[in-house]
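J.: My structure is below; once you've seen it, I'll send some questions.
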Amino acid sequence: MVRGLWTNRAGGGWFMSECAVPLGGFARVRAVVAVLAGVAMLGACSGSEDQQDPTPSSARAPSSRSVVDTGSSPSAPSPSPSRTLTADEQAAVKAYLAFTRAVYTAERAPGPQNLSLLKRYSIDPELGSVTDFLTKLQLAGLVVRGTPPASRVHVIGYAPKANPFPAVSLVDCPTVSTTWRPYYKASGKPGKVVQGKAKPPYASRATVVLFKGVWKVRTVKTNRNKTCSPA
């Protein structure tokens, strides 16, 4: 059995930080799961916050409007004294929230059956990052149980003429869930969870693009070095 310490993958997600494998039989699995400490989350995410925001500074919005994922349709954001989101921004937020829920669903039962749903809401490089992460969960014999974090999203930029795709940039500072954690599927025993350098939640910056007429998540970068606060 592969054992190790796990920490949140996205703002509320997690990854493996170390593992110990019995001699004889799981060398390949160990090689796979040992690199999870470098895998970025949604859950998740695919990099660090240090990378540059692809939205041009001239196209970024001077203010934003927050959206809390209640599990229902996010098409009508909560009232805010700041500007109203455009139709494209609302569609991008809706796509991001749908993608996040799809990732949580996939983490409950990692496997190739999740690919079609993930493709509906994401493209590479984020699609590849998430599917790679789920494959490693499956190889490690892990599933995730409990109540997942709820997204708290605000739009920080809109670039309708961005190359190669129109893009919306947003930040998600999710709630913290004490029950959303990995378990070994075979034994039902929980994986050991450790926090990052700062206490959760962690902010995830996402880029959602208009790809072939459909808004899809392209990148998600999470900063685990700082605790975030919702906008």
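Residue-by-condition table, conditions (1) touching a Lys or Arg at 6+ places or on another chain (Cβ under 7 Å); (2) surrounded by 16 or more Cβ atoms within 10 Å (Cβ to Cβ):
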position	(1), (2)
P174	yes, yes
S177	no, yes
P182	no, yes
G196	yes, yes
A203	no, yes
K212	no, no
K226	no, no
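J.: Just to be sure I understand, how many residues within the stretch 102-115 are part of a helix (DSSP H, G or I) and either crowded, with 19+ Cβ neighbours inside 10 Å or among the acidic types (D, E) (or both)?
T.: Just the residues of the stretch 102-115 that are part of a helix (DSSP H, G or I), to begin with: 102-108, 112-115.
Narrowing the set further to residues that are either crowded, with 19+ Cβ neighbours inside 10 Å or among the acidic types (D, E) (or both) leaves 102-104, 106-107, 114.
Total satisfying the criteria: 6.
J.: Within the set of pairs 6 or more residues apart or between chains, which connect a residue that is of a type in the set (S, T, N, Q) inside the stretch 104-115 to a residue that is part of a helix (DSSP H, G or I) with Cβ atoms less than 7 Å apart?
T.: N114/A106; N114/L134
J.: On the basis of being in a helix (DSSP H, G or I) and either crowded, with 23+ Cβ neighbours inside 10 Å or in contact with a Cys (Cβ under 7 Å, 6 or more places away or on another chain) (or both), does L118 make the cut? Break it down into steps so the answer makes sense when it comes.
T.: Working: in a helix (DSSP H, G or I): yes; either crowded, with 23+ Cβ neighbours inside 10 Å or in contact with a Cys (Cβ under 7 Å, 6 or more places away or on another chain) (or both): no.
No; evaluated as a whole, the condition is false for this residue.
J.: If you check every pair at least six apart or on different chains, which have Cβ atoms under 6 Å apart with a residue in the stretch 144-160 that is modelled with pLDDT of 95 or more first and a residue that is among the polar types (S, T, N, Q) and not in a loop (DSSP other than H, G, I, E, B) second?
T.: S151/T100; H154/S66; I156/S169; G157/S169
J.: Ok, one more. Can you tell me how many residues in the stretch 121-134 are surrounded by fewer than 20 Cβ atoms within 10 Å (Cβ to Cβ) and in contact with a Gly (Cβ under 9 Å, 6 or more places away or on another chain)?
T.: Qualifying residue count for the region: 1.
J.: Here is a further query. Filter the stretch 179-206 for residues that are farther than 18 Å from P149 by Cβ and touching a strand residue (DSSP E or B) at 6+ places or on another chain (Cβ under 8 Å); which is modelled with the lowest pLDDT? Break it down stepwise before answering.
T.: Filtering the stretch 179-206 down to residues farther than 18 Å from P149 by Cβ leaves 184-189, 192, 197.
Remaining after also requiring touching a strand residue (DSSP E or B) at 6+ places or on another chain (Cβ under 8 Å): 184-185, 189, 192.
Working: Y184: 97, K185: 97, K189: 96, K192: 80.
Here the residue is K192.
J.: Something else: Hey, can you tell me all the residues within the stretch 86-129 that are touching a helix residue (DSSP H, G or I) at 6+ places or on another chain (Cβ under 7 Å) and closer than 17 Å to L170 by Cβ?
T.: Correct list: A95, A98, F99, A102, V103, Y121, S122.
J.: Of the residues V209, V176, only one is modelled with pLDDT of 95 or more, within 23 Å of V144 (Cβ to Cβ) and aliphatic (A, V, I, L, M); which?
T.: Values: V209 fails: within 23 Å of V144 (Cβ to Cβ).
Step by step, each of V209, V176 is checked, and only V176 is modelled with pLDDT of 95 or more, within 23 Å of V144 (Cβ to Cβ) and aliphatic (A, V, I, L, M).
The values are calculated or read from the model by the stated rules, or taken from the named source; none is laboratory data. Remember, predicted model here, so these are calculated numbers, not experimental data. Glycine gets a Cβ as well: all are built from the backbone with ideal geometry, and neighbour counts include every protein chain shown.
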